[in-house]
Structures are given as C-alpha cells and as structure tokens.
Amino acid sequence: MTKVLYLLNFAGKAGTERYVETLVNYLSADGLVQPFFAYHEGGLLVERLEAMGVPCRRVEMRRRFDYKAARDLAALCAEWGIDLVHCHYLREHYTALLAKKYNPHIRVVYTNHFVLANDAVTRFTNRILDKRQDQMIAVCNKGKEQLIANGWSGERIQVIFNAVDLDAWAGERSQSTLRAELGLDEGRFVMLCASRFADDKGHRYLIDSVKRLTQRTDKPFTLVLAGDGPLLEETKQQVRDLGLEPTKAQVKQLALEDRVKFIGFRKDIKNLYKGSDLYVNASRHEALSFLIIEAMAAGLPVIATDMGGNSDIVNDEAGCGLLVEYDNPDSMAAAMERFLEDPSFTDACRENARRTIEAKFEVHKMARATFGVYEKALHDGFQGV
C-alpha cells in the first residue's frame, strides 16, 4: 500500500480541502493508499481527518523558500515512511520539492486548483524547480495551459477533473426544509449561490442582475445567498466604522428585500440544493468548482461565468446550463430569465446535469485516475535533486 502524505498550507473548509478529503476517503477505502496529513495552519479538515483515523502533524511553512520547513518535512516523511507527497498550493509545493534534497526517496505530485498567471520571478523559479517535479495534476484544461505558461513541463501534467459521488447527492426535493425555513412556497423559483463573500465571487454584480431580472419578468423568484468568507468579520467591522451596509444595503436600495435571502454559512448544503431550482456561479476565478458539480449531482441546472474550468462543465455538449460573461449583469439576468420563462429548457438541463456528472465527474473515476498519477510518479519520477 502506498503511503501518501497530503500537504496543505491551510486546512480549512474550501474546495481544495474537500478535494483532499475526497481522495483520502476513496483511495484508502479501496486499499490503494495509506493516508497521512501535514499542514501549516489547522482548521476543519484536520478535525475531519483525525476523526477518520488519519495521522496529522503540523509543519511550519512560513514562506515559499523555507529550508527549515523542507528539512522538517523530509524528516517527517522518513519517520512515517512516506512514498509520495501530494501538495496543492505553491508554498507547500516548493517546500516539498526542496525536501527532496534531504530525502531523495520521496516523490512529489502537485495539483493546481487555480487558473492564475504567475509573475515573472515565479515563472523563472518554476522553470528551475521543474527538474525536481515528478507529476502534476490540473483540474481543468485551462489549468494545464496555465501551468505550462507558468513554466512547468507539459509532458508531466495530467488533467483530472474534480468529482463527486452521485449517490451522496441523491434524494427528493420534498426532503428539503429550505423553503419552509424561508417562507417560500413551491411555486416560487429559487436560485442558489453558495460561496465566500469576497471580491472575486461576484456578489455585487449578481445582485445587480437580480434587479434587472425584476424588470424582465413578473414570475416570482428568490435568490438565496449562502456563505461567509475570510473577509467577513473584517468587512463587518468596516461597515460599522463607515456606517455602511455593503451587499445587504445594495439589496435594500434596489428594493429587493423579497428577492434576496442571506442565510449565512451552512453545513446542510444538500438541503439547500434540494430546495432550489437553479444553481448560480458568479465568480471571477474558478478552476473546476466543487459547488457546481455538487449542485448538478443533486439535479440542479446551472448558470456559470465563462471563467477558468467552468466551460469544461457547462457547454453545449453537456446541455446542463448556461455560461455568462463575468461582471455583466445583463448577461446574467438574461440567463436567469431563460430558466424562469422556459420550464422545458430547465427540465432538460436538470436531466442532463446528473448524466454529465456520471459521465465526466464521477468520484471513483477521479480517484483511480489520481492513483494512476501516483504510480507514474513512483515508477517514472525524476531523480534530480
């Protein structure tokens, strides 16, 4: 059994943490991997992995080029007999590559969860460190293109889409308590957006889109906004200091009190999906969104911005939703109107959503493909240090 150390700078509750937990769960259940976990800053993922019996250890990683962290990581790998380190952000990626100097036995796999251009210094560094890299995973096609543009060797990059378990998201709409909780009747069209409240998530223009939608249709609808975010408390304090109310004030100013509901961070995401008619993604940055594919697995059609890997999910072939231009309220409002006014289109997208997940984003296929990358790294990995 291959001993894999999953390495994260921050072990919170976002999509990357969900990705790690998914791999740990399915690869260990199949008897392919004995998982271990190391992190710089703890959070919910540490608690969840410890509850699963996964050994966890903190490794302080203060910067990208932290040789003490590299030595500590190499020693930890030797202590646990680690065969392969699977990392996910640039800081721990560099740390793992540097650790090979002190423990040449380990192999490194890096999954890139973003479609972002690196600066010139980072691109130069990537090209230098590329000789130490064994295998890389991009979670979408544009992610692979960006990795190559960022200085990494394309022949060692595999595209493996994020994935979900269809059975975990099965269920009937009648099981949801969302509408009763919010006082929404069955005849109201409910759109859900669950994401962090941060600049790149598009909440401001999303609410502008809702205002424009009210001018395009008389049909009853509500947009449900779920989530918190790393800037939430800081933003609340700023609001108090300035006597402002961003987002909520915008809703009030535009007379959308009945059209938008804020419900905070929720752990019952399946309950939210099952009580909704449509999932909406308004983000500027996406690689391959877990929330989108979860919503589809739960039977929801989607609207998504044409950014990052969203086009790998939502496209004409899949027929599960519509892509819109980021930061374009008219484009978003028109897509919302299409779903509101065309029930047959909505139903067709709903049926195609689960079919698309089964064909391209099914978790057992993703886990097996990832293990294949591990095997390739172990057998064909670069020896250079």
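A P(r) calculated from all alpha carbon pairs of the stretch 166-360, with 5 Å bins opening at zero, reads 1, 8, 17, 21, 22, 17, 9, 3, 1, 0, 0 percent. Estimated purely from DSSP H runs of n ≥ 4, each contributing -39500 (n - 2.57), the mean residue ellipticity at 222 nm for the chain is -13000 deg cm²/dmol once divided by its residues.
If R0 is 35 Å, what FRET efficiency do you get for R63 and N315 from their C-beta distance, rounded to 0.05?
With R0 = 35 Å, the Cβ-Cβ based efficiency is 0.30.
With the simple spin-label model, which puts each label point 7 Å out from Cα in the Cβ direction, the A29 to K3 separation comes to 2.5 nm.
When each of the peptides 86-96, 361-371, 258-268 is scored by how many other beta carbons lie within 10 Å of its residues on average, the order from highest to lowest is 86-96, 361-371, 258-268. 3J(HN,Hα) along the stretch 109-117, derived from phi through the Karplus expression 6.51 cos²θ - 1.76 cosθ + 1.60 where θ = phi - 60°, amounts to 10, 10, 9, 8, 9, 9, 10, 9, 6 Hz, with x in place of Gly and Pro. From the alpha carbon centroid of the stretch 1-80 to that of the stretch 346-361 is 33 Å. Residues whose amide H lies under 5 Å from that of F10, counting only those 5 or more places away or on a different chain, are H40, E41; hydrogens are built 1.01 Å from N in the peptide plane.
A Förster radius of 51 Å, combined with the Cβ-Cβ distance separating A348 from E41, puts the computed FRET efficiency at roughly 0.70. Compared with the dominant Cα axis of the chain, that is its longest principal axis, helix 15-29 is turned about 60°.
Against the main long axis of the alpha-carbon atoms of the chain, helix 343-360 sits at an angle near 10°. Over the stretch 166-360, Cα pairs under 8 Å with separation of 6+ residues give a relative contact order of 25 percent.
Sort 20-27, 116-123 by packing, meaning the average of other beta carbons within 10 Å per residue, with the highest value first.
The most tightly packed comes first, giving 20-27, 116-123.
Where [x] 1.03; [y] 1.12; [z] 0.99 are the candidate values, the label of the one calculated here for Cα Rg over 2.2 N^0.38 Å is [x]. Highest mean packing comes first when the peptides 278-288, 148-158 are listed by Cβ atoms within 10 Å, giving 278-288, 148-158.
3J(HN,Hα) along the stretch 42-47, derived from phi through the Karplus expression 6.51 cos²θ - 1.76 cosθ + 1.60 where θ = phi - 60°, amounts to x, x, 4, 4, 4, 4 Hz, with x in place of Gly and Pro. Close amide-amide hydrogen proximity is noted between R57 and F37, A38, Y39, each under 5 Å apart and 5 or more residues distant or on a separate chain (H modeled in the peptide plane; Pro and chain starts excluded).
Listed by chain and number, the aspartates and glutamates whose alpha-carbon sits under 13 Å from that of K270, ignoring those within fewer than 8 places in the same chain, are D165, D167, E172, E294. Applying the Karplus relation 6.51 cos²θ - 1.76 cosθ + 1.60 with θ = phi - 60° to the stretch 127-140 yields 3J(HN,Hα) values of 5, 5, 7, 4, 5, 8, 6, 8, 8, 10, 10, 10, 8, 7 Hz, where x marks Gly and Pro.
May I ask which of K3/K131; K219/K261; K100/K376; K211/K261; K13/K267; K131/K376 have a Cα-Cα span longer than 20 Å here? Kindly include the intermediate steps, with their values, before the conclusion.
Details: K3/K131 23 Å; K219/K261 17 Å; K100/K376 17 Å; K211/K261 14 Å; K13/K267 10 Å; K131/K376 16 Å.
Pairs exceeding the cut-off: K3/K131.
Each Cα pair under 8 Å and six or more residues apart adds its separation to the average, and for the chain the resulting relative contact order is 17 percent.
Bear in mind that the values in this text are calculations on the coordinates, not laboratory data. This structure is a prediction, so every number in the text was calculated from the model and none was measured. All Cβ positions, glycine included, derive from the backbone under ideal geometry; neighbour counts span all protein chains shown.
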